[in-house]
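The values are calculated or read from the model by the stated rules, or taken from the named source; none is laboratory data. Owing to the predicted nature of the structure, the values given are computational and were not obtained by experimental measurement. Glycine also receives a Cβ, built like all others from the backbone with ideal geometry; neighbour counts cover every protein chain displayed. Side chains included, ligands, DNA and RNA excluded: accessible areas come from the protein's heavy atoms. Shrake-Rupley method; radii C 1.70, N 1.55, O 1.52, S 1.80 Å.
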Amino acid sequence: MSLFHLGSKLTWEQYLRVSSFVKDLKGQIRQNNKPAPVPVPEQTRALVASPHALERKYGPNYDALTHTLDSDLGKLDQAFQANGEALHALRNSFDYHMALVVEQLRLQSQTMLNLEKRLDAIHATLENPVLTQAKEYYRIGCERLVKGLLDKALEAFQESEKKDDTNFMTQLLIGKLYLYGINDECNLINLAAAERHLRAAARYAKAEMKLLPEASQFAGEALLHAAISCYAQADHQGKKGNKIEAGRLIQESLSLSKQATKIYPQLSESHYHTAKMAALIGDGKTAAAVLEKAIALNEEYCLKADVDPEFRYTRKEITDLFLQLRQKSGDELGYKFQKVERLLTEWAFVTEEARNAEADMRRILAEARACMARKTYFDNRDAMQLLQQIEVIFQSLLVHKLALHKMSAHYGRVNVIAISPHGTYLASGGADRTVRIWRLSDNQLLFTLQGHSEAISELTFSHSGATLASVDRKGTVKLWQVAKGQMLREIGEPGAAVQCLAFSPDDSMVAIGSSNRDATLWRVADGRLVQRVSGHKSSVDTVVFSYDGSMLASGSPDNTAMLWDVKEGKLRHRFLGCSGLASSLAFSVNDKILITGANDGSVRFYQVDDGSLLYALPAKNGNISWLALSSSGSTLATVNYGQSLQLWDATDGKLLYNLTPFSPGITAVRFSPDETIVAATDFQDRSIKLWNVHDGKLAHVIAGDLTTSAFSPDGTILVTGDETGSLRFWGRMITAKPAGMAIAAAQEHVPEFDISDLEEEHNQTRRSPARPKANGAAAKPVTPRPAAGDWTERPAAPRPSTNVRGYDKPPALPERIADPAPPNIESVYQAKEPPAEEQPNLFEVDPAAAPRRSSRVIDHILQQIAGEMMGDAPANPAEGGSRDQSSPFDLSGASDRPSDLGEFERQRQERREKSGRCLVCGRHLGASAKLLKMKYCRKHYFNH
């Protein structure tokens, strides 16, 4: 917590002197007077961070006995080691007295040296004698500042300003020296001058942002420090009694910090300062909204705001924010937990490595469950991180490392492999001029297709899997009926070598790109030429149909791509600057965007309707030689010929990962159907490299003179071909369990009730929160659930595991008393410390006031189970029955219980039928079950 706040006893200069940093004889940075530990209120421990979470996060900096935390929040050492990014590393630990120390560390970093070199190149500093002198003075000033000679550093920076007054770095350092420059030898504090220079620094930095994007960071920092200068001036004016001017300066500080958040949103301290200024003027709604953004960047701002005196007039809004964060994080955590838990029940871990990973996943899951039980915001975040670790481990098991089997397929090299869309057939083409069709389920050879005079170069199945197109190196195209292994017909023009082909989405046509600079469309049914499209000045090396089949895109090495109307054969758009190499074109899933690889190393996204450029990925050296779009269209893989392999977000053009290690031999790239793996064929070392899509890390390398590969449609099998004519089959270390086994494994952890029962109860409680119970006692209010619209975006969640102990509602907290009235600038200075009645009422959690963990539905189920164990029929008030009030352990009626297990099962089914439950699993069938005479739920209906 900062010792300085509006209306505090310390002036700005006194505060900086008391809390300044110095270097000792060993060169280590330490604080002159370390502030006293900050107490963590009970309310904070109930909502934000439990003692366990605080101890885990801060270690020795948190005292579990006194519930106090060091005011620096245990981050200073790590932040000071971050040099170039010190201000970002400090985040919530930043306090005003640290700013100059941060600048001294940053001046010594390589980041600043590189930035200076780039600025010199942009402004041609060495070619201008005046700018060269300004740079020399600036360098001298930096050296003096690092040594702690503040007054001499200011003199050098002022000389540099005279030579070049538009250098934002010079203006920024002058402003910081006027704002924070005080030590035992000198006092440079001049708040008005600091504000003036910092505003100038922000202005000049914004002017450099077009050529130097990093300047946005310095513009944001300059505006933040200018806002702090106004904040300090407001305190000074308030102490002098000029309340109107103090109020104006607070508004100005708020405006400057808002500008900082817009220019550089990543600077979390600017969000926090904005929230603080909004709280000072009594705008609790804005303060909570902006503070939430700061917390999103660093969760520890919860603790900083909780002890900051400037938020004392908006405690209610801040507490509501903490409640909202806990509720939201708990809601997200519940769905994530169910998703992760299904990974352990629906998959079988085959290899020893997988079983070891499963043990680690279960251990981490137990830790996450323990965090969930504490029900605070920090614990929810910790549990979410643990669940994400489980997902990372699981993703690593999806790599195809398990060698299944190997078989000889061809005499000589295997050139190409194709698997039918339904996963029934595997086709392989080799240097022996044959095409072989295998049944993928048992690897049985079905047909050997002969008729080509050259080695097979390409194989393509139709979308239905009924037709196979094969191409040889001579350019001959043959169509085969897969089910019978018979050739249907040969298509193509004599003497025109075929470069590429593609089936239309309805399999009625085949598009062929040829060396004669034309693209032709052939009817599959009779082999007739339907359309010829001409316009390229070189061979057509790539063709691709749109998903609706109405458009055809063609690319050529003449650096053009063309978009054609399939029905009329007319050119719709011509795109220049495209690489035109094989597999360098792709349509978006909705057919609204054509993605093209460019000859400048960029990737361009064109709108299909008008042919305009939507956006382009950054340019690099060389051509884009391969594009691969994931099945959902969300991720794009690009190969910059001989230089890089990268993954991009296809929706906004953001670079996701630069896949390493890269080999210049990588050409063919493909996604697994489930989008978890990227496989690339490396023709330099004859291997297949597999990367994880979720983190961009190399997962496995399959070596052995490999030439080609293909994924099965479900992604569980990877088939590779090699130079010796062999096919190798690779599987994952985990396999999906059969439906029956997965359900049985899940039912071991699932109680016999449906989550819809609890949702129905919550809805009823929301409609009448104080509805009396049957015995006359008033029901306790239940926290309202989100609106129905909030649930529609989430996938349907399975029933929760009993091991979770039901992630139920956290303990209810009593109503808070009203907050004090919005602050008056005069009142801040009339009383140095707020009166006792104005202090926030930190309410305590009363365990007795918390609602019961179990609901009436669960109580009813437990009573029914107890009745079934004793053989008693459940009471049904609607039918005139009455429940026996005697103890369920009374054995007086034991002789009436059926001794035959079959009779016991029959009676249980009768009870379930009367109560409207499934006869097999006991699940509720709804209010209309008796009317419709339903006896089974949807899961068991078809089995009976």
- Could we say that residue 156 is assigned to a helix (DSSP H, G or I), over 25 Å from residue 4 (Cα atoms) and open to solvent by less than 10 Å² (accessible area, probe 1.4 Å) here? yes
- Message: Testing residue 508 on (1) open to solvent by 40 Å² or more (accessible area, probe 1.4 Å); (2) out of contact with any Lys or Arg (no Cβ under 8 Å at 6 or more places or on another chain); (3) outside the structural domain of residue 430 (by the TED database), one condition comes back false. Which one is that?
- Response: (2)
- Message: Please go through segment 550-597 and give me each residue that is outside any strand (DSSP E or B) and either closer than 20 Å to residue 521 by Cβ or open to solvent by less than 10 Å² (accessible area, probe 1.4 Å) (or both), ordered by number.
- Response: 550, 566, 567, 568, 569, 570, 579, 580, 582, 583, 584, 591
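Here is a yes/no grid of residues against (1) on the phi > 0 side of the Ramachandran plot; (2) assigned to a strand (DSSP E or B); (3) under 43 Å from the mean Cα position of the chain (by Cα); (4) touching a residue at least 40 places away in the same chain (Cβ under 8 Å):
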{"residue": "487", "(1), (2), (3), (4)": "no, yes, no, no"}
{"residue": "490", "(1), (2), (3), (4)": "no, yes, no, no"}
{"residue": "493", "(1), (2), (3), (4)": "no, no, no, no"}
{"residue": "496", "(1), (2), (3), (4)": "no, no, no, no"}
{"residue": "500", "(1), (2), (3), (4)": "no, yes, yes, yes"}
{"residue": "506", "(1), (2), (3), (4)": "no, no, yes, yes"}
{"residue": "512", "(1), (2), (3), (4)": "no, yes, yes, no"}
{"residue": "516", "(1), (2), (3), (4)": "no, no, no, no"}
{"residue": "519", "(1), (2), (3), (4)": "no, yes, yes, yes"}
- Query: Does any residue of segment 443-451 turn out to be in contact (Cβ under 8 Å) with a residue 24 or more places away in the chain, assigned to a loop (DSSP other than H, G, I, E, B) and open to solvent by less than 30 Å² (accessible area, probe 1.4 Å)?
  - Reply: no
- Selection from segment 399-411 of residues modelled with pLDDT of 90 or more, small (Gly, Ala, Ser) and open to solvent by less than 70 Å² (accessible area, probe 1.4 Å) yields 409
- Find the residue count for segment 475-510, including only residues that are within 17 Å of residue 541 (Cβ to Cβ) and not polar (S, T, N, Q). 11
- Query: Inside segment 247-285, can you point out the residues that are charged (D, E, K, R) and assigned to a loop (DSSP other than H, G, I, E, B)?
  - Reply: 283
- Item | Filter result (small (Gly, Ala, Ser) and either in a loop (DSSP other than H, G, I, E, B) or buried (at least 17 other Cβ atoms within 10 Å of the Cβ) (or both)) within segment 692-730 | 696, 699, 704, 709, 710, 712, 715, 721, 725, 726
- Counted residues, segment 369-398 - those being of a type in the set (Ser, Thr, Tyr), in a helix (DSSP H, G or I) and modelled with pLDDT of 90 or more: 1
- Message: Tell me whether segment 410-425 contains one or more residues that are touching a Ser or Thr at 6+ places or on another chain (Cβ under 6 Å), farther than 23 Å from residue 688 by Cα and either part of a loop (DSSP other than H, G, I, E, B) or outside the structural domain of residue 673 (by the TED database) (or both).
- Response: no
- Task: Go through segment 598-616 residue by residue and tally those that are within 13 Å of residue 646 (Cβ to Cβ) and crowded, with 22+ Cβ neighbours inside 10 Å.
- Result: 1
- Can you name every residue in segment 142-153 that is in contact with a Leu (Cβ under 7 Å, 6 or more places away or on another chain) and surrounded by 17 or more Cβ atoms within 10 Å (Cβ to Cβ)? 142, 145, 150, 153
- Query: Does segment 21-33 contain any residue that is touching a Gly at 6+ places or on another chain (Cβ under 9 Å) and modelled with pLDDT of 55 or more?
  - Reply: no
- Please work out if residue 310 is of a type in the set (D, E, K, R) and over 30 Å from residue 281 (Cβ atoms). no
- Query: Just a yes or no: is a residue in segment 79-93 modelled with pLDDT of 50 or more, within 38 Å of the chain's Cα centre (by Cα) and outside any helix (DSSP H, G or I)?
  - Reply: no
- Show the residue pairs that are 6+ apart or on different chains and have beta-carbon atoms under 9 Å apart, the first residue being within segment 321-333 and open to solvent by 60 Å² or more (accessible area, probe 1.4 Å), the second being among the β-branched types (Val, Ile, Thr). 327/783
- Has segment 512-519 got at least one residue that is in contact with an Asp or Glu (Cβ under 9 Å, 6 or more places away or on another chain), outside the structural domain of residue 423 (by the TED database) and closer than 20 Å to residue 466 by Cα? yes
- Query: Which residues, taken from segment 255-282, are among the aliphatic types (A, V, I, L, M) and surrounded by fewer than 24 Cβ atoms within 10 Å (Cβ to Cβ)?
  - Reply: 263, 281
- Query: Does residue 485 satisfy the criteria of being small (Gly, Ala, Ser) and over 22 Å from residue 421 (Cα atoms)?
  - Reply: no
- Message: I'm trying to understand the selection: among the residues of segment 617-632, which are more than 14 Å from residue 584 (Cβ to Cβ) and open to solvent by 20 Å² or more (accessible area, probe 1.4 Å)?
- Response: 618, 619, 620, 621, 631, 632
- Item | When residues of segment 666-679 are limited to those that are open to solvent by less than 10 Å² (accessible area, probe 1.4 Å) and either within 25 Å of the chain's Cα centre (by Cα) or of a type in the set (D, E, K, R) (or both), the one nearest to residue 581 (Cα to Cα) | 669
- Note on the structure: Scanning segment 633-647 residue by residue, those within 16 Å of residue 587 (Cβ to Cβ) and either buried (at least 17 other Cβ atoms within 10 Å of the Cβ) or not polar (S, T, N, Q) (or both) turn out to be 633, 635, 636, 637, 638
- Would you point out the residue of segment 217-252, among those that are open to solvent by 10 Å² or more (accessible area, probe 1.4 Å) and among the polar types (S, T, N, Q), that is farthest from the chain's Cα centre (by Cα)? 242
- Item | Subset of segment 528-538 [of a type outside the set (D, E, K, R) and open to solvent by 20 Å² or more (accessible area, probe 1.4 Å)] | 529, 530, 531, 534, 535, 538
- Query: Only one of these conditions is not met by residue 661: (1) in a loop (DSSP other than H, G, I, E, B); (2) more than 20 Å from residue 594 (Cβ to Cβ); (3) within 21 Å of the chain's Cα centre (by Cα). Which number is it?
  - Reply: (3)
- Message: Can you report the number of residues in segment 159-204 which are part of a loop (DSSP other than H, G, I, E, B) and open to solvent by less than 60 Å² (accessible area, probe 1.4 Å)?
- Response: 7
- Output the number of the condition that residue 396 fails; it satisfies all remaining conditions of (1) hydroxyl-bearing (Ser, Thr, Tyr); (2) farther than 22 Å from residue 41 by Cβ; (3) open to solvent by less than 30 Å² (accessible area, probe 1.4 Å). (3)
